[in-house]
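Taking it in order: structure first as C-alpha cells, then the write-up.
The values are calculated or read from the model by the stated rules, or taken from the named source; none is laboratory data. Predicted, not measured: the structure shown is a model, and the values here were computed from it. Virtual Cβ from ideal backbone geometry, glycine too; neighbours counted across all protein chains shown.
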Amino acid sequence: MRNYFKANLGIIYIALCIILWSLIPTVAKFAQSGLDHHQYLFYSSIVSFLSIFIISIFQGKLKEILSYSKKVMLVLFVLGFLDFLYYLLLYFGYKHANGLEVLVIQYMWPIFIVFLSLVILKENFTIKKLFSIILGFIGVSLVITKGDFASLDFSQVDILLVVMIGAIAFALFSVYSKIIKVDATNAVMIYFFSAILYSIITVSSYSTFIIPSAKDWISILINGAFINGISYLFWIKGLQIFDASKVAPYLFITPILAAFFLILFFDEPILTIYFVGLFFVILSGLINSIKSKS
C-alpha cells in the first residue's frame, strides 16, 4: 500500500512538472509585452532564487553550502551561466519569432545531449543514438525551411539559430550536471543566484532597469516561482521515485502541450509542417530514451 501511494505521488510530481514546463512559451510571450528578454529574465531569476532559498531554509540544507569548496562553487556558477544563457536566448526567440518554430528548435537540447555525451562523457556510440540525431535534425530542418527546401525563407532563421545556441547551452548544462554531486536544492538555488548576477550585467549593458507593470508582475511571479523554480524540485522528486529511463519519455509530452497552448492563446499561424517537424524531434528524444538491454 505504501509503495502504491509513493508511485502515485511520483506520477503527480512528474505530471506537475510537465504541465509547468509546457507553459514556458505562453507565459514568456505574455510577460514580454512590456519587458524585453533581459528584463524578464532578471526579475524571473530573482523570484526563482527566493522561492528555492525559502525551500532550502525549510529543509535545513542551507548550511551545507558553507562546506562547498571554491572549485565546486566555480563549477556551479559556470553551470548557472549555461542555464542562464539558455533561458536568455529562449526568451529572445519567443519575443521576436513564431512561437511554434521556436518551440521545435528549443527541443533540440535532448538531441545535443546525445552528441555531447559521446564527446564529453565518452559514452558508447550506438546506431540508436545516430538514428536519434538524424531524426532530430530532420525535424529542425523541416521547421526552418517550412518544408520547402527549394525556396528557403531566411526571414527568421537568424533568430532560430540564436535559440539553437541556447539549446546547445542547456545540453552542456545537463551533461556537466551529471559530473558534480551536491544537494539538488542548493545547486538549483546557486544557479538562480548566479543568473541574477549575469542578468544585472546584461540589463546594464543591453537594456535598462524598469519597474514591471502589474500585468508583467503576474507573469514574472508565475514563471519565477513555479515554471522555473519549484518545477525543478518536482522533477527531482519524481526522479527519486522512478528510474530516469522510465521518466524521460514522458518529458516529450511537454512540447505537444506547449504547442497547444500557443495556438489556443495567441492564434499562431498553423502550418502542418510544424507538427511534422515536432513529431520528428519528439520521436528522436523517445528513441534515445529507450533503455537498451544489456
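When Ser69 is tested against (1) buried (at least 17 other Cβ atoms within 10 Å of the Cβ); (2) hydroxyl-bearing (Ser, Thr, Tyr); (3) at pLDDT below 90, only condition (1) is not met.
When we screen Phe115, Phe58, Phe84, Phe49 for residues that are at pLDDT below 80, among the aromatic types (Phe, Trp, Tyr) and assigned to a helix (DSSP H, G or I), the only hit is Phe115.
Selection of the stretch 264-283 for residues being more than 17 Å from the chain's Cα centre (by Cα) and modelled with pLDDT under 75 yields Phe266, Asp267, Glu268, Pro269, Ile270, Leu271, Tyr274. Scanning the stretch 25-37 turns up one or more residues that are over 14 Å from Ile227 (Cα atoms), in contact (Cβ under 8 Å) with a residue 24 or more places away in the chain, in contact with a helix residue (DSSP H, G or I) (Cβ under 6 Å, 6 or more places away or on another chain) and buried (at least 21 other Cβ atoms within 10 Å of the Cβ). Of all residues in the stretch 63-112, exactly one satisfies the criterion of being among the acidic types (Asp, Glu) and either within 15 Å of the chain's Cα centre (by Cα) or closer than 17 Å to Ala195 by Cβ (or both), namely Asp83.
Restricting attention to the stretch 67-87, the residues being out of contact with any Ser or Thr (no Cβ under 7 Å at 6 or more places or on another chain) and either free of Cβ contacts under 8 Å to residues at least 40 places away in the same chain or not aromatic (Phe, Trp, Tyr) (or both) number 13.
Going by the structure shown, is Gly60 closer than 30 Å to Leu135 by Cα and either in contact with an Asp or Glu (Cβ under 9 Å, 6 or more places away or on another chain) or surrounded by fewer than 23 Cβ atoms within 10 Å (Cβ to Cβ) (or both)? Taking the combined requirement at face value, the residue does not satisfy it.
In this structure, Ile179 does satisfy being under 24 Å from Met108 (Cα atoms), at pLDDT below 85 and in a loop (DSSP other than H, G, I, E, B).
Is there a residue being at pLDDT 70 or above and under 27 Å from Ile190 (Cα atoms) anywhere in the stretch 120-134? Yes; the residues of the stretch 120-134 include at least one that is at pLDDT 70 or above and under 27 Å from Ile190 (Cα atoms).
Of the residues screened, Thr208 is one that is modelled with pLDDT of 85 or more and not in a helix (DSSP H, G or I).
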